[in-house]
Each structure stands twice: as structure tokens, then as C-alpha cells.
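This report refers to the structure that appears directly beneath it.
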Amino acid sequence: MFNVSKEEISKGTISNEEFPKVNVHLIPADLIRLKEIQKKENILGVIKFSDLNEHEDLKILGEDLPTMNIKMKPFMENAFYEIWTSDQPINYGNNEILKFACDGYHHFLTVNIKEQNRDLREIGRLAYDSIFEILKRNNYSNISRVWNHIPNINEFSDAKERYTKFCHGRAESFEVNGNIYPAATGIGCRGDSLCIYMLSTVQNIQKYIENPNQTPAYKYPPKYGIKSPSFARATYTNYNSLISRLYISGTASILGSDTVHVGNVGKQCETTLENIRVLISSSNLSNYGIKENFTLDNIDCIKVYIKNNEDFEVIKDICSNAFSKNRSIAYLKADVCRNDLLVEIEGIVQK
């Protein structure tokens, strides 16, 4: 395990050489390449994005490892891997609905709950109650980033949209366990299971960032649900003078709290990218005491969620011109959290 004492962690006196290094790979699914990474790095978890039912590659990694297949079709590949690794030895654990891995500083977990005719509000609350319980028990309660994948996110049940029901249950759990708002994504998927994965840390090194052009999601008006979504627009994690990371939440064509450019996918994509530019700019980050200036060129591990098949080429052309050519990017077919949103984009800046 991590060979630095809890006292050193709490005082923030870990040296650059001692600090556990976490890396994220977003690559087309290739079992040979996955095994090569496994030989060189210790794997915290593997998330696979695929609409296929073949998952033998994940089983090969071992039963203890947090893995998850999210039923979502990539546009340019058969499947994608998102691989989280650490340069420190890793311990694994699980309970009935989740698996976790920790390297002594970072905690990665996956949650998979089949609906089985249960209410999505109930499932959302159960998922997050279980998450908070395990984070507190393991002492990794400082959440950096969360991904929520909700089946049939825009459909209605009992006259309520499924996403708003999930947000209601999640918010109820947050109210009981502490109202924190980390960077997050809430996006649709296929299948019959709620899928969540997240990263948290022992030490509180997080700053939750908002966008001046957007109303904080947790302050949305009631028309977007009885309980507002519980997330910030980004999380900045400051490890030390050499290592930092900015997690950009799922971002869409929203100004204030309203969807803009309804029906125009090109304008929605451009507005989404402008929202990200403003979010990660030095003028915005300086409001949080962060002396950084990031641009779209700095973003890696980019995921672009696209609602309609026919919009792929337009969105791909815009994003190809906006992002650096040497960054990893996955285009994925998925419903977005509002029925009138056609595209959502997220990514990670790794310093």
C-alpha cells in the first residue's frame, strides 16, 4: 500500500516523488493493449463503452477489479475502454452492488443496480447511500468526479421524467450525507441497470468550479425537477506544485438554466464548446484562487455524447477543429439529460 503516513497526508507534506500517480487511458477496446497496460500499471478500474453483449475481456481482468460495461454505441469503433491506473499497489473490495479499488490515496468505485421494476428515485437514493457508506468506512470521502449512466433517461414514469426521478433520489442521499457538489455527468444509456462510477481521495484537495454563464445546476428552477441535479461544472484537484487535474463535467448548450439553439445541432455544439472555454479560462479559475490558464487544446480523455445518428458528422467536424489532434476522443450515441439537448461534451485536463 501507499507508504506515506496519514499524518503526512493530512498536513499536505507529500513530496512530488512520493505522490501516487493516477493516469487515465481512453482507447479503442483492444484486449492486447489492455493487457500491456495491465503489465506496466496497476489498474484501479476499467469502464467499457459498447452496445455488444460480449464482455469476456473484462472478466479476464479478474473478479475483484472494478469493471463495468456501459451499453452505449461508439460511432467510430466497436467499443472503447476507459482505464484508470495507479503507480502504487492496489487493494480491492466489494459489497452487493459495488466494487472498489484504492491505492492508499485514491478510491475508485463502480455501482451497478438492476432496476427490476423499482422506482428510479429509490434506486438513485440506494446507490448514493451505498456510495457514501463505503467512502466514509474506507476514509475516502472527498469526491473528485462522478459519472451517472441512466437507462432511458428521457422517458417518463408515473408522469415524471426518469432523469428527474433519479436526481430526486440522489439529492435526498446528498442531503443526509452532506451537500457536496462534485463534477459529474448524467447521461443516458441502454439496458436495464443504473451504472455509476467515481473517483475520490483521502485528502480534501478539491475545488468545485462553476461557470459564470450558467446557473449552478443545484440552483435550477423547479421546472427542471423537484430536486435539482447535484453537481458542479468542474472539479480542480491540486495535488502539489507539479500535479493538478481539472475534471470537466458533462457540458451542453445551456445558458443560465435554459437550453439554447433548440433543434440546431451545430449551434448547440459551438455553445457547448464556448461554455467549456469560459469554464476553464484563467479569468474564471482565478475566482477560485487557481493560477492556471487552460484552453481546449489542454483537454484529453474527451467524450462526446450525441443524441441522433444523423448529427454525428456535423459534431465530429466541429470537435475535430476545436480539440488538439493528439488527444483521445470518443464519440458515443446517448440521450442527453434534457430531451431538447442534442450533444454533451466532457473531458479531463491533466497537468
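A few comments on the model shown:
- Single residue of S141, S157 found to be among the polar types (S, T, N, Q), surrounded by fewer than 18 Cβ atoms within 10 Å (Cβ to Cβ) and out of contact with any Phe, Trp or Tyr (no Cβ under 7 Å at 6 or more places or on another chain): S157
- Positions within segment 77-118 being in contact with a helix residue (DSSP H, G or I) (Cβ under 8 Å, 6 or more places away or on another chain) and among the aliphatic types (A, V, I, L, M), in sequence order: I83, I97, L98, L109, V111, I113
- Selection status of G289, in contact (Cβ under 8 Å) with a residue 40 or more places away in the chain, surrounded by fewer than 16 Cβ atoms within 10 Å (Cβ to Cβ) and out of contact with any Lys or Arg (no Cβ under 7 Å at 6 or more places or on another chain): yes
- Enumeration of residues in segment 139-167 that are part of a strand (DSSP E or B) and without any contact (Cβ under 8 Å) to a residue 40 or more places away in the chain: F156, S157, K160
Here is a yes/no grid of residues against (1) over 18 Å from A330 (Cβ atoms); (2) touching a Lys or Arg at 6+ places or on another chain (Cβ under 8 Å); (3) at pLDDT 95 or above:
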residue	(1), (2), (3)
K39	yes, no, no
L61	yes, no, no
K71	no, yes, yes
H107	yes, no, yes
R118	yes, no, no
G124	yes, yes, yes
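- Which numbered condition N284 fails, given (1) surrounded by fewer than 18 Cβ atoms within 10 Å (Cβ to Cβ); (2) more than 28 Å from I70 (Cα to Cα); (3) touching a residue at least 12 places away in the same chain (Cβ under 8 Å): (1)
- Per-region count, segment 237-272, residues free of Cβ contacts under 8 Å to residues at least 40 places away in the same chain and of a type in the set (S, T, N, Q): 2
- Selection within segment 302-343 - of a type in the set (A, V, I, L, M) and either assigned to a strand (DSSP E or B) or farther than 20 Å from D51 by Cβ (or both): I302, V304, I306, V314, I318, A322, I329, A330, L332, L341, V343
- The number of residues in segment 327-341 being touching a Gly at 6+ places or on another chain (Cβ under 6 Å) and not aliphatic (A, V, I, L, M) comes to 2.
- Verdict on L246 being of a type in the set (A, V, I, L, M, F, W, C), within 22 Å of the chain's Cα centre (by Cα) and not in a strand (DSSP E or B): no
- Y208 surrounded by fewer than 22 Cβ atoms within 10 Å (Cβ to Cβ), modelled with pLDDT under 90 and under 28 Å from I113 (Cα atoms): no
- Some residue of segment 203-213 being over 16 Å from F132 (Cα atoms), in a loop (DSSP other than H, G, I, E, B) and of a type in the set (A, V, I, L, M, F, W, C): yes
- Number of the exception - F323 against (1) in contact with a Phe, Trp or Tyr (Cβ under 9 Å, 6 or more places away or on another chain); (2) crowded, with 18+ Cβ neighbours inside 10 Å: (1)
- Test: residue in segment 130-138 that is within 17 Å of Y224 (Cα to Cα) and either out of contact with any strand residue (DSSP E or B) (no Cβ under 6 Å at 6 or more places or on another chain) or assigned to a helix (DSSP H, G or I) (or both): no
- Which listed residue is polar (S, T, N, Q) and modelled with pLDDT under 95, from N298, N293: N293
- Check on P221, under 18 Å from the mean Cα position of the chain (by Cα), surrounded by fewer than 17 Cβ atoms within 10 Å (Cβ to Cβ), more than 28 Å from D103 (Cβ to Cβ) and not aliphatic (A, V, I, L, M): no
- Filtering segment 300-320 to residues that are in contact with a helix residue (DSSP H, G or I) (Cβ under 9 Å, 6 or more places away or on another chain), closer than 17 Å to H25 by Cα and buried (at least 23 other Cβ atoms within 10 Å of the Cβ) leaves only V304.
The values are calculated or read from the model by the stated rules, or taken from the named source; none is laboratory data. The structure presented is a predicted model; accordingly, all values stated were derived computationally and were not measured. Backbone-built Cβ (ideal geometry, glycine too); neighbour counts: all protein chains shown.
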